[in-house]
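> One structure, as structure tokens, below. Some questions next.
Every number here is computed from the coordinates shown, using simple stated rules; none is lab data. Just so you know, these numbers come straight off a predicted model, no measurement behind them. All Cβ positions, even for glycine, are placed from backbone atoms using ideal geometry, and neighbour counts span all protein chains on display.
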Amino acid sequence: MSKQLLIYERAVPVTRQRHGSWSVKAGSTFEFARSVNSVPLMVAEFANAAAEYAVVFGGAADEIIPVALLGIRDNENLYVKDSGAWTGNYVPAFLRRYPFVFSSDNVNEADATFTLCVDEEFAGCNDEGRGERLFDTEGERTQYLQNVLGFLQAYQVQFQRTKLFVKRLQELDLLESMQAQFTLRTGQRSTLSGFSVVNRERLKALPADKLAELMQADEMELIYLHLASMRNLTPIAERIGSPIDTAQEPETAPASPSDFETTGNA
């Protein structure tokens with residue numbers, strides 16, 4: 001399994017033979033995400049995510065993808081409380097799909113076959129009947145498992161849509177590397193680097209026909225959401241050393257595919 005999976009320790013294919021008696025108790029803990037300071041973000045999530053996270057672009061070359069910044073230091077997620085509760089209003093789909101994920105048997109995703117996997121190290125996985133069964137007594141997929149498949153299929157569609165959006169930004173030469181410097185509440189200085197943002201001047205200098213293409217594809221809205229979200233960098237840094245008293249009760253079980261129908265054609 002690719003290490004881009006970040007939070008997965010031992011993801012194996014879901015089968016009747018291996019997991020026929022298994023259940024999954026999702027719970028409300030995000031302990032599994034405590035050490036990640038960013039997670040991939042699909043374009044359909046921009047509207048919700050940009051309200052509280054900084055949406056930037058991580059990776060390099062063909063591996064660039066939008067991410068939601070969850071912290072400004074390595075191995076630190078500022079949105080997970082000591083109790084494991086999530087303190088944000090919106091939980092990225094990358095985290096909501098956990099402990100499930102698709103694996104691919106082909107580098108070329110157009111020809112790939114995707115296999116549903118589950119992280120067997122997730123504390124909520126059990127064969128004691130706690131939570132939602134994966135298979136019924138006759139060995140058939142439960143409605144829960146069908147919902148999981150639907151959610152991951154919708155996620156994969158959005159992943160391809162997101163890659164096309166990033167490709168367009170690259171073709172138009174709109175992305176530039178950036179670093180941000182912060183003075184923490186402790187007085188220490190911290191620098192965040194390794195990410196890219198859309199260059200406003202290059203965007204304004206685009207020919208009218210290219211701007212029209214971005215507008216028609218609803219991608220100009222995505223760019224504006226990304227740029228507006230940069231104002232969240234400072235509030236994120238201010239979470240360091242600042243107690244968060246209120247924790248939300250976000251949905252941790254896989255949601256419906258309609259979760260991704262939030263931003264234009266994304």
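> Does Gly150 count as closer than 17 Å to Pro40 by Cβ, surrounded by fewer than 16 Cβ atoms within 10 Å (Cβ to Cβ) and in contact with a Ser or Thr (Cβ under 9 Å, 6 or more places away or on another chain)? Please lay out each step first, then the result.
Values: closer than 17 Å to Pro40 by Cβ: no; surrounded by fewer than 16 Cβ atoms within 10 Å (Cβ to Cβ): yes; in contact with a Ser or Thr (Cβ under 9 Å, 6 or more places away or on another chain): yes.
No: the conditions fail for Gly150.
> To continue, here is another question. Looking only at the stretch 33-86, count every residue that is part of a helix (DSSP H, G or I) and of a type outside the set (Asp, Glu) and tell me the total.
Taking the stretch 33-86 first, the residues part of a helix (DSSP H, G or I) are 33, 43-49, 61-63.
Checking the rest, the ones that are also of a type outside the set (Asp, Glu) come to 33, 43-44, 46-49, 61.
Result for the stretch 33-86: 8.
> Are any residues in the stretch 183-201 under 26 Å from Val166 (Cβ atoms) and assigned to a strand (DSSP E or B), and if so, which ones? It would help to see each step written out before you state the result.
First, the residues of the stretch 183-201 that are under 26 Å from Val166 (Cβ atoms): 191-201.
Scanning the stretch 183-201 gives Thr191, Leu192, Ser193, Gly194, Phe195, Ser196, Val197, Val198.
> If Thr137 satisfies every condition in (1) among the hydroxyl-bearing types (Ser, Thr, Tyr); (2) in contact (Cβ under 8 Å) with a residue 40 or more places away in the chain; (3) out of contact with any strand residue (DSSP E or B) (no Cβ under 9 Å at 6 or more places or on another chain) but one, which is the exception?
Of everything listed in (1) among the hydroxyl-bearing types (Ser, Thr, Tyr); (2) in contact (Cβ under 8 Å) with a residue 40 or more places away in the chain; (3) out of contact with any strand residue (DSSP E or B) (no Cβ under 9 Å at 6 or more places or on another chain), Thr137 misses just condition (2).
> Here's something else I'd like to know. Return yes or no: is Leu164 surrounded by 15 or more Cβ atoms within 10 Å (Cβ to Cβ) and either outside any strand (DSSP E or B) or in contact with a Lys or Arg (Cβ under 6 Å, 6 or more places away or on another chain) (or both)? If you could, list the steps in order and put the result at the bottom.
Details: surrounded by 15 or more Cβ atoms within 10 Å (Cβ to Cβ): no; either outside any strand (DSSP E or B) or in contact with a Lys or Arg (Cβ under 6 Å, 6 or more places away or on another chain) (or both): yes.
No; evaluated as a whole, the condition is false for this residue.
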